[in-house]
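Asker: Once you've had a glance at the structure underneath, I'll fire off some questions.
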């Protein structure tokens, strides 16, 4: 697997790492590649040494605020109050049209909110989203799953 990250001004070093044949940018012009200003020198050297030692290894750096967005992350922190409100209505087996009428929004807006919820919770359907939200205590469990 090739390392695709490159930085302006350092393209020749990144080409050496990634075995890339791309031409470096013209001096003074930006090449359109991401800049790695937030990487400390020690981290960069460690990454280069790691790639050199094990060529098949892929080195990634992810910021702490991005971790919740990864699959299996703490996605519930990202649900908006409106998305939770829509999930609560969906858990009562209301259709998109019924939810839209109750909240005085369009059905398309309900669908957009549900798509966002599916992504944030890693759900594949309305039922899956409701079950995952209930398991994370974001909403009350559906009527048929409440303890007796």
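Asker: With 114, 60, 89, 94 as the choices, which residue is farther than 30 Å from residue 43 by Cβ, in a loop (DSSP other than H, G, I, E, B) and either at pLDDT 70 or above or not assigned by TED's automatic domain parsing to the domain that holds residue 46 (or both)?
Answerer: One residue alone meets the criteria, 94.
Asker: Also, quick follow-up: Would you pick out the residues in region 136-148 that are exposed (fewer than 13 other Cβ atoms within 10 Å of the Cβ) and either at pLDDT 90 or above or over 17 Å from residue 79 (Cβ atoms) (or both)?
Answerer: Of everything in region 136-148, those that are exposed (fewer than 13 other Cβ atoms within 10 Å of the Cβ) and either at pLDDT 90 or above or over 17 Å from residue 79 (Cβ atoms) (or both) turn out to be 143, 144, 145, 146, 147, 148.
The values are calculated or read from the model by the stated rules, or taken from the named source; none is laboratory data. Only a predicted model underlies this, so the values are computations on that prediction, with no experimental measurement involved. For neighbour counting, all protein chains shown are included, and Cβ atoms are generated from backbone atoms with ideal geometry for every residue, glycine included.
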